Amino acid sequence: MRDAKRTIEICHLYPDLMNLYGDRGNVIALARRAAWHGLTVQLSHVSVGSPVDFRRYDILFIGGGQDREQRIICRDFQEAKGSSLAEAVEDGVVLLAICGGYQLLGEYYQTSTGERLPGIGVLDVYTEAGDGRMIGNVVVESTLAGEPRTLVGFENHSGRTYLGPGVQPLGRVKVGGGNNGQDGTEGAVYRNVIGTYLHGSLLPKNPWLTDYLIARALERRYGSAELRTLDDDIELLAHNAAIRRAMSRPGV
Ligand code: GLN
(Lines give C-alpha, C1' and ligand atoms only; values in the text may rest on other atoms or scores of the structure.)
Protein backbone atom coordinates (compact mmCIF):
# COMPACT_ATOMS: atom_id res chain seq x y z
CA MET A 1 0.00 0.00 0.00
CA ARG A 2 2.78 2.37 0.99
CA ASP A 3 4.45 1.89 -2.40
CA ALA A 4 1.36 3.06 -4.28
CA LYS A 5 1.70 6.54 -2.80
CA ARG A 6 5.30 7.03 -3.79
CA THR A 7 5.89 9.07 -6.91
CA ILE A 8 8.99 9.55 -8.99
CA GLU A 9 9.44 12.41 -11.45
CA ILE A 10 11.78 11.75 -14.35
CA CYS A 11 12.88 14.52 -16.70
CA HIS A 12 14.51 13.79 -20.06
CA LEU A 13 16.70 16.72 -21.12
CA TYR A 14 17.00 17.60 -24.82
CA PRO A 15 15.45 14.35 -26.20
CA ASP A 16 15.17 16.08 -29.60
CA LEU A 17 18.91 16.82 -29.76
CA MET A 18 20.76 14.32 -27.58
CA ASN A 19 19.68 10.77 -28.40
CA LEU A 20 22.25 8.44 -29.95
CA TYR A 21 22.36 4.63 -30.10
CA GLY A 22 19.18 4.05 -28.15
CA ASP A 23 19.82 6.54 -25.34
CA ARG A 24 16.06 7.09 -25.05
CA GLY A 25 15.79 3.45 -23.92
CA ASN A 26 17.33 4.51 -20.61
CA VAL A 27 14.30 6.67 -19.84
CA ILE A 28 11.95 3.86 -20.84
CA ALA A 29 13.82 1.45 -18.55
CA LEU A 30 13.73 3.90 -15.62
CA ALA A 31 10.01 4.52 -16.04
CA ARG A 32 9.16 0.84 -16.54
CA ARG A 33 11.18 -0.48 -13.60
CA ALA A 34 9.93 2.32 -11.34
CA ALA A 35 6.36 1.26 -12.21
CA TRP A 36 7.23 -2.41 -11.55
CA HIS A 37 8.50 -1.30 -8.15
CA GLY A 38 5.02 0.08 -7.47
CA LEU A 39 5.91 3.75 -7.93
CA THR A 40 3.77 6.32 -9.70
CA VAL A 41 5.90 7.68 -12.55
CA GLN A 42 5.68 11.18 -13.99
CA LEU A 43 7.73 11.64 -17.13
CA SER A 44 8.47 14.97 -18.76
CA HIS A 45 11.06 16.48 -21.02
CA VAL A 46 12.70 19.86 -21.49
CA SER A 47 14.68 21.23 -24.39
CA VAL A 48 16.29 24.49 -25.47
CA GLY A 49 14.62 27.62 -24.11
CA SER A 50 13.31 28.81 -20.78
CA PRO A 51 15.07 28.18 -17.47
CA VAL A 52 13.82 25.21 -15.43
CA ASP A 53 14.02 24.53 -11.68
CA PHE A 54 15.59 21.07 -11.79
CA ARG A 55 15.42 20.55 -8.01
CA ARG A 56 11.75 19.53 -8.30
CA TYR A 57 12.68 16.39 -10.26
CA ASP A 58 13.92 13.08 -8.90
CA ILE A 59 15.85 11.72 -11.88
CA LEU A 60 17.32 13.67 -14.80
CA PHE A 61 18.64 12.09 -17.98
CA ILE A 62 20.68 13.51 -20.84
CA GLY A 63 21.89 11.42 -23.78
CA GLY A 64 24.73 11.72 -26.26
CA GLY A 65 25.13 13.96 -29.26
CA GLN A 66 27.70 15.16 -31.72
CA ASP A 67 29.57 18.47 -31.71
CA ARG A 68 26.76 20.34 -33.48
CA GLU A 69 24.18 19.38 -30.86
CA GLN A 70 26.67 19.85 -28.04
CA ARG A 71 27.25 23.45 -29.16
CA ILE A 72 23.50 24.13 -28.89
CA ILE A 73 23.26 22.54 -25.43
CA CYS A 74 26.37 24.40 -24.29
CA ARG A 75 24.70 27.71 -25.17
CA ASP A 76 21.43 26.70 -23.48
CA PHE A 77 23.35 25.71 -20.33
CA GLN A 78 25.03 29.11 -20.29
CA GLU A 79 21.95 31.17 -21.10
CA ALA A 80 19.18 29.28 -19.32
CA LYS A 81 19.74 26.02 -17.46
CA GLY A 82 23.34 25.47 -16.28
CA SER A 83 23.11 27.12 -12.86
CA SER A 84 19.78 25.45 -12.02
CA LEU A 85 21.24 22.07 -13.03
CA ALA A 86 24.30 22.66 -10.82
CA GLU A 87 22.07 23.64 -7.87
CA ALA A 88 19.95 20.51 -8.34
CA VAL A 89 23.10 18.37 -8.34
CA GLU A 90 24.21 19.89 -5.02
CA ASP A 91 20.65 19.22 -3.77
CA GLY A 92 21.19 15.51 -4.54
CA VAL A 93 19.15 15.08 -7.70
CA VAL A 94 19.91 11.87 -9.58
CA LEU A 95 21.42 12.64 -12.97
CA LEU A 96 22.56 10.15 -15.61
CA ALA A 97 24.46 11.62 -18.56
CA ILE A 98 25.76 9.70 -21.56
CA CYS A 99 28.76 10.54 -23.76
CA GLY A 100 28.18 14.04 -25.25
CA GLY A 101 25.93 14.88 -22.28
CA TYR A 102 28.58 13.58 -19.86
CA GLN A 103 31.25 15.71 -21.52
CA LEU A 104 29.19 18.90 -21.00
CA LEU A 105 28.83 18.25 -17.26
CA GLY A 106 32.60 18.61 -16.98
CA GLU A 107 34.85 21.67 -17.22
CA TYR A 108 35.00 21.70 -21.01
CA TYR A 109 34.90 19.67 -24.20
CA GLN A 110 37.50 20.66 -26.81
CA THR A 111 36.59 19.61 -30.35
CA SER A 112 39.02 18.29 -32.96
CA THR A 113 39.24 21.83 -34.43
CA GLY A 114 40.35 23.22 -31.07
CA GLU A 115 37.04 24.89 -30.26
CA ARG A 116 36.45 24.76 -26.50
CA LEU A 117 32.86 24.26 -25.39
CA PRO A 118 32.58 25.17 -21.70
CA GLY A 119 30.71 22.65 -19.56
CA ILE A 120 28.88 23.42 -16.32
CA GLY A 121 31.66 21.97 -14.17
CA VAL A 122 29.53 19.81 -11.87
CA LEU A 123 31.90 16.94 -12.67
CA ASP A 124 35.62 17.48 -12.09
CA VAL A 125 36.56 16.20 -15.58
CA TYR A 126 37.65 17.70 -18.88
CA THR A 127 37.48 16.24 -22.37
CA GLU A 128 39.56 16.77 -25.48
CA ALA A 129 38.94 15.19 -28.88
CA GLY A 130 41.76 12.80 -29.77
CA ASP A 131 42.95 11.06 -32.92
CA GLY A 132 40.55 8.30 -33.91
CA ARG A 133 37.31 7.22 -32.33
CA MET A 134 36.84 4.60 -29.67
CA ILE A 135 34.04 2.42 -31.02
CA GLY A 136 32.68 -0.89 -29.80
CA ASN A 137 31.15 -2.86 -26.98
CA VAL A 138 32.47 -2.15 -23.50
CA VAL A 139 32.56 -4.17 -20.30
CA VAL A 140 33.17 -2.37 -17.02
CA GLU A 141 33.53 -3.56 -13.44
CA SER A 142 31.94 -1.14 -10.98
CA THR A 143 31.76 -1.03 -7.18
CA LEU A 144 29.21 1.79 -7.21
CA ALA A 145 26.64 -0.36 -5.40
CA GLY A 146 29.15 -2.05 -3.05
CA GLU A 147 30.10 -5.51 -4.35
CA PRO A 148 31.80 -5.48 -7.78
CA ARG A 149 29.20 -5.62 -10.55
CA THR A 150 29.40 -5.63 -14.30
CA LEU A 151 28.15 -2.99 -16.70
CA VAL A 152 27.95 -3.56 -20.42
CA GLY A 153 27.35 -0.98 -23.13
CA PHE A 154 28.50 0.48 -26.41
CA GLU A 155 30.90 3.39 -26.92
CA ASN A 156 31.51 5.67 -29.90
CA HIS A 157 33.48 8.82 -29.13
CA SER A 158 36.57 10.72 -30.09
CA GLY A 159 36.63 12.67 -26.81
CA ARG A 160 39.17 11.63 -24.19
CA THR A 161 37.93 12.44 -20.71
CA TYR A 162 40.33 12.91 -17.81
CA LEU A 163 39.17 12.78 -14.19
CA GLY A 164 40.20 15.17 -11.41
CA PRO A 165 40.19 14.43 -7.67
CA GLY A 166 36.58 15.67 -7.26
CA VAL A 167 35.06 12.59 -8.92
CA GLN A 168 35.31 8.82 -8.66
CA PRO A 169 35.37 6.66 -11.79
CA LEU A 170 32.14 4.73 -12.41
CA GLY A 171 34.29 1.66 -12.91
CA ARG A 172 37.34 0.00 -14.48
CA VAL A 173 37.30 -1.04 -18.10
CA LYS A 174 37.65 -4.77 -18.82
CA VAL A 175 36.90 -4.45 -22.54
CA GLY A 176 36.91 -1.20 -24.53
CA GLY A 177 38.33 2.31 -24.29
CA GLY A 178 36.34 4.00 -21.52
CA ASN A 179 37.16 7.56 -20.52
CA ASN A 180 40.36 7.96 -22.48
CA GLY A 181 41.74 4.59 -23.56
CA GLN A 182 44.74 5.04 -21.26
CA ASP A 183 44.05 4.97 -17.55
CA GLY A 184 41.51 2.11 -17.46
CA THR A 185 38.73 4.25 -16.00
CA GLU A 186 35.19 4.56 -17.32
CA GLY A 187 32.71 7.27 -16.40
CA ALA A 188 32.62 9.60 -13.43
CA VAL A 189 30.53 9.82 -10.26
CA TYR A 190 29.88 12.82 -8.02
CA ARG A 191 27.06 12.84 -5.46
CA ASN A 192 24.09 11.30 -7.36
CA VAL A 193 25.48 12.19 -10.79
CA ILE A 194 26.80 9.51 -13.12
CA GLY A 195 28.49 10.40 -16.38
CA THR A 196 29.42 7.55 -18.69
CA TYR A 197 30.36 6.74 -22.27
CA LEU A 198 28.08 3.70 -22.31
CA HIS A 199 25.30 3.95 -24.85
CA GLY A 200 23.36 0.87 -25.58
CA SER A 201 20.81 1.47 -24.24
CA LEU A 202 22.72 1.18 -20.97
CA LEU A 203 19.94 0.68 -18.41
CA PRO A 204 17.81 -2.08 -19.98
CA LYS A 205 20.92 -4.30 -20.13
CA ASN A 206 22.12 -3.36 -16.65
CA PRO A 207 19.07 -3.54 -14.37
CA TRP A 208 21.12 -3.20 -11.19
CA LEU A 209 22.18 0.30 -12.27
CA THR A 210 18.58 1.25 -13.07
CA ASP A 211 17.52 0.19 -9.58
CA TYR A 212 20.50 1.98 -8.06
CA LEU A 213 19.34 5.27 -9.64
CA ILE A 214 15.72 4.73 -8.56
CA ALA A 215 16.85 3.88 -5.01
CA ARG A 216 19.00 7.02 -4.76
CA ALA A 217 16.04 9.11 -5.96
CA LEU A 218 13.68 7.54 -3.40
CA GLU A 219 16.21 8.11 -0.65
CA ARG A 220 16.37 11.83 -1.51
CA ARG A 221 12.60 12.27 -1.73
CA TYR A 222 11.31 9.88 0.94
CA GLY A 223 14.36 9.14 3.12
CA SER A 224 14.17 5.39 2.43
CA ALA A 225 14.82 3.30 -0.62
CA GLU A 226 13.35 -0.18 -0.31
CA LEU A 227 12.58 -1.70 -3.71
CA ARG A 228 10.76 -4.87 -4.66
CA THR A 229 12.73 -7.85 -5.89
CA LEU A 230 11.93 -8.09 -9.59
CA ASP A 231 12.27 -11.06 -11.89
CA ASP A 232 15.28 -10.06 -14.00
CA ASP A 233 15.73 -13.32 -15.94
CA ILE A 234 15.20 -11.72 -19.35
CA GLU A 235 17.29 -8.63 -18.52
CA LEU A 236 20.13 -10.84 -17.33
CA LEU A 237 19.97 -12.90 -20.53
CA ALA A 238 20.39 -9.63 -22.46
CA HIS A 239 23.22 -8.55 -20.13
CA ASN A 240 25.08 -11.83 -20.54
CA ALA A 241 24.55 -11.93 -24.31
CA ALA A 242 25.96 -8.38 -24.59
CA ILE A 243 28.98 -9.40 -22.51
CA ARG A 244 29.61 -12.45 -24.69
CA ARG A 245 29.47 -10.20 -27.76
CA ALA A 246 31.87 -7.71 -26.18
CA MET A 247 34.29 -10.49 -25.22
CA SER A 248 34.37 -11.68 -28.83
CA ARG A 249 35.76 -8.34 -30.00
CA PRO A 250 38.96 -8.80 -31.99
CA GLY A 251 41.96 -8.48 -29.71
CA VAL A 252 40.06 -9.30 -26.49
N1 GLN B 1 31.23 14.52 -29.70
C2 GLN B 1 31.55 13.59 -28.72
C3 GLN B 1 32.70 12.67 -29.07
O4 GLN B 1 32.78 12.10 -30.15
C5 GLN B 1 30.31 12.87 -28.23
C6 GLN B 1 29.83 11.71 -29.09
C7 GLN B 1 28.66 10.97 -28.51
O8 GLN B 1 27.88 11.49 -27.72
N9 GLN B 1 28.50 9.72 -28.95
O10 GLN B 1 33.54 12.50 -28.26
Rolling a 1.4 Å sphere over the protein heavy atoms, what is the accessible area per residue of the chain, to the nearest Å²?
43 Å²
Which FRET efficiency value, to the nearest 0.05, is calculated for Arg56 and Ser248 with the Förster distance at 41 angstrom and r the Cβ-Cβ distance?
0.35
Filtering GluC sites (Glu not before Pro) in region 82-175 by DSSP loop and by at most 15 other Cβ atoms within 10 Å leaves Glu115
Could you give the length gained on full extension between Tyr222 and Gln78, defined as 0.36 nm per residue of separation minus the Cα-Cα distance, in nm?
48.7 nm
Could you identify which residue out of Ile194, Ile98, Ile28 has the top mean-square fluctuation in a GNM of the chain using Cα springs shorter than 10 Å?
Ile28
Mind checking region 1-76 for trypsin sites (Lys or Arg not before Pro) that DSSP puts in a loop (not H, G, I, E or B) and that have at most 12 other Cβ atoms within 10 Å?
Arg2
Is it possible to state the helix-based mean residue ellipticity at 222 nm for the chain, with each DSSP H run of 4+ residues giving -39500 (n - 2.57), the sum divided by total residues, to the nearest 500 deg cm²/dmol? What is it?
-8500 deg cm²/dmol
Rounded to the nearest 5, the percent of antiparallel DSSP beta bridges in the chain equals 55 percent
Of all accessible heavy-atom area on region 82-225, the percent that carbon and sulfur account for (1.4 Å)
44 percent
Name the residues of region 175-215 whose amide N is less than 19 Å from a point 7 angstrom out from the Cα of Thr150 along the C-beta direction?
175-178, 185-187, 197-212
So for region 56-178, considering every pair of alpha-carbon atoms, how many percent are separated by more than 25 Å?
24 percent
I'd like the FRET efficiency for Val48 and Asp124, computed as 1/(1 + (r/R0)^6) with the beta carbon distance as r and R0 of 22 Å, rounded to 0.05.
0.25
Using a cut-off of 10 Å between beta-carbons, work out the net charge of the residues near Phe154 (Lys and Arg +1, Asp and Glu -1, Phe154 not included).
+1
Any chance you could run the full-extension gain for Glu9 through Thr229? It's 0.36 nm times the residue separation minus the Cα-Cα distance, nm to one decimal.
77.1 nm
Note: Asp183 to Thr113 extended length (0.36 nm per residue) minus current alpha-carbon separation gives 22.8 nm
Taking the square root of 5λ for each eigenvalue of the C-alpha gyration tensor of the chain, the equivalent ellipsoid has semi-axes, largest first and in whole angstrom, of 26, 24, 15
What whole-number distance in Å separates the alpha-carbon centres of region 35-83 and region 178-252?
20 Å
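The values are calculated or read from the model by the stated rules, or taken from the named source; none is laboratory data. These numbers were taken from a predicted model, which means no experiment stands behind them. FYI the Cβ positions are ideal-geometry reconstructions off the backbone, even for glycines, and counts take in every protein chain you see. In case anyone asks, the SASA skips ligands and DNA or RNA and just uses the protein heavy atoms, side chains included. Shrake-Rupley method; radii C 1.70, N 1.55, O 1.52, S 1.80 Å.
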